[in-house]
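The values are calculated or read from the model by the stated rules, or taken from the named source; none is laboratory data. Here the structure is a predicted model, which means the values were calculated and not measured. Every residue, glycine among them, receives a Cβ derived from its backbone with ideal geometry; neighbour counts consider all protein chains shown. Surface accessibility is based on the protein's heavy atoms, side chains included, excluding ligands, DNA and RNA. Shrake-Rupley method; radii C 1.70, N 1.55, O 1.52, S 1.80 Å.
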Amino acid sequence: MAKPCHPWAACEEQHKHPASPAEAAASPTHLPSFVVEAMGCWKQKKTNTWAFPTLILCLYGFFYMMKPSEPFLTPYLTGPDKNLTTDEVTNEILPVWTYSYLALLFPVFLLTDYVRYKPVLLLQGISLILTWLLLLFAHGVVAMQLVQFFYGMVTATEVAYYAYIYSVVSTQHYQRVTSYCRSVTLVAATVAAVLGQLLVSLAHVSYFYLNAITLASVSLAFLCAFFLPMPQRSMFFHRKDAPEPLPGPDKGPAAGAAHGPRSCREERSPDAAARGPSPQPQAGNSRPHRHTLSVLLQLARDLRDCYGSRPLLYWSLWWALATAGFNQVVNYVQVLWDFRAPSHSSPVYNGAVEAIAMFLSSVTSFLVQYIKINWDHFGELALGIFSVIDAGCLFLMHFSTNIWACYAGYLIFKACYVLLLTIATFQIAVNLSMERYALMFGFNNFIALLIQTILTIVVVDSRGLGLDIVTQFLIYGSYFVVIHGIFMIRSICVLVSCKCQRKIARSCTEQLNQAEHESREQIVTSYMTRL
């Protein structure tokens, strides 16, 4: 990354070294030199500013997440608009999203960095528009499967939204722009859920018109993407020769990197120095394949080094396992709600529940900063305890026939997951540079999708067991019990090990004190004997 400079530094430099008369005459408009200098200063300021791309990206994120129809997808598909059965939605349509997401995630992750983000954001906008056009005007199982395929493309390209901003702003603004970009998506999702619920419950707007509103919103997001500046660098394929200094302890995911495992520190180890600098693009058209291969090999080495750290390995393991279960629950919870309280005969409060869930998730994420715990010792214990709470919520949703109990179970389940995910994100990010954190984020999500795909094929898909929706939630609850068991066993091992270490340290201290006491007694005895 290039070292950031003051927007007007170029102007001062130009005043020190003004343009020659020949250069001034060579300009196409033959403008006076001071005008050319002023235009150059303005262009430099426009290029270096962080506010413009952040504003446009936040607008994109707001309209992209402003989807009031999303909490009502299952009632829309099973209602008179599409007239699909619950079994068709559960076993034939919704699984396509998981398969599409898995197939596209890894190639899109690499493509996003290779083409420098903006083209992928445009691709995401096109996929969003196609998704809602098909939802509005297409009919049949195959058409809705195509909807799920394009929505898989949408979710696979989400990485471009969160990674784009780091390629156009300097590290000193990372914390601020990350806060803006993430906050605006939470606000938009909450506003969309509340708006959808109000329109359905009070204005009695049909689900078709909710989808029309969503189509208008995602179309605005697509238009916003055109105004984003094209980045000149990216994390892996288009790095700058002179990297920017890492952010300080309070400025982004790389915070605290110097305190992390040696293999994952940003400071270069002797092995890293022997390997030389990160691969850079070669000039001209020669060796493009060699450069791509060298980048992929470097990514593989980074993964090996990072997963060689045992704490990072266990946090990543929970991330992958829990995210797979969470995505599966979120993907099918509307079907369960529709089964407990059919939308054609009961009031639907899906939007209100999603808005409350979003609010609780935001609160739990905010409260993480006030939790003062030695996560090295008690992290696995927390993962085990909250995983069994998640399992209890899913069992409640399985055994209870009351829709309000199902709503309450979902709210607690999502709040617990987001709480732990925030802690896991911090524990992983605090030991890594921005590039390695992005790499682990992508790989953890890929493993989560792989596990989710196995769950979908075995439990949901009509070519597998094709279980009904109530039995599925029994399986998901049992799945989180397994996660609880894994991390409780690990927690017991960690706590016993710590206790043994303290006991050994105490014993060593006592022996040293005893030896020192005996030595002093011998000195006193020897002195008295001499007297």
query: Roughly how many nanometres apart are two label points built 7 Å out from the Cα toward the Cβ at residue 191 and residue 373?
result: 3.5
task: Kindly state, to the nearest 0.05, the FRET efficiency for residue 458 paired with residue 142, given R0 = 30 Å and r defined as their beta-carbon distance.
output: 0.80
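Go through 75-82, 154-161, 127-134, 366-373 and give me the packing order, highest mean Cβ count within 10 Å leading.
Values: 75-82: 18.6, 154-161: 22.6, 127-134: 20.2, 366-373: 9.8.
Put in order of decreasing packing, that is 154-161, 127-134, 75-82, 366-373.
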Debye log10 I(q)/I(0) for segment 113-205, one point scatterer per Cα, at q = 0.14 Å⁻¹: -0.72
Accessible area in the full protein assembly, largest first, 1.4 Å probe, for 446, 106: 106, 446
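State the extension gain, in nm to one decimal, for the chain segment bounded by residue 526 and residue 304, taking 0.36 nm per residue of separation less the distance between their alpha-carbons. Write out the running numbers ahead of the final one.
Values: separation 222, 0.36 × 222 = 79.92 nm, distance 6.04 nm.
Extra length from residue 526 to residue 304 when fully extended: 73.9 nm.
Fully extended, how many nm does the chain gain between residue 227 and residue 519 (0.36 nm per residue separation, minus their Cα-Cα distance)?
On the way: separation 292, 0.36 × 292 = 105.12 nm, distance 7.91 nm.
Residue separation times 0.36 nm, minus the Cα-Cα distance, leaves 97.2 nm.
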- prompt: With every protein chain kept in the model, how would you rank 376, 390 by accessible area, 1.4 Å probe, largest at the top?
  reply: 376, 390
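Between residue 401 and residue 297, what is the FRET efficiency for a Förster distance of 41 Å, r being their Cβ-Cβ separation, to the nearest 0.05? Please list the in-between numbers first.
Values: r = 55 Å, r/R0 = 1.35.
Once the sixth-power term is evaluated, E becomes 0.15.
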message: Per-residue counts of other Cβ atoms within 10 Å, averaged by peptide: what ranking do you get for 136-147, 63-74, 191-202, highest first?
response: 63-74, 191-202, 136-147
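For segment 420-467, what class follows from the C-alpha gyration tensor (a ≥ b ≥ c being the square roots of its eigenvalues): rounded when a/c is under 1.5, otherwise prolate if a/b is larger than b/c, else oblate?
Numbers: a/c = 6.84, a/b = 2.87, b/c = 2.38.
Prolate, because a/c is 1.5 or more and a/b exceeds b/c.
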- prompt: Binned at 10 Å from 0, what are the whole-percent values of the Cα-Cα distance distribution for segment 373-418, short to long?
  reply: 28, 43, 20, 8, 0
statement: Rounded to the nearest Å, the spacing of the alpha-carbon centers of segment 336-397 and segment 156-231 is 23
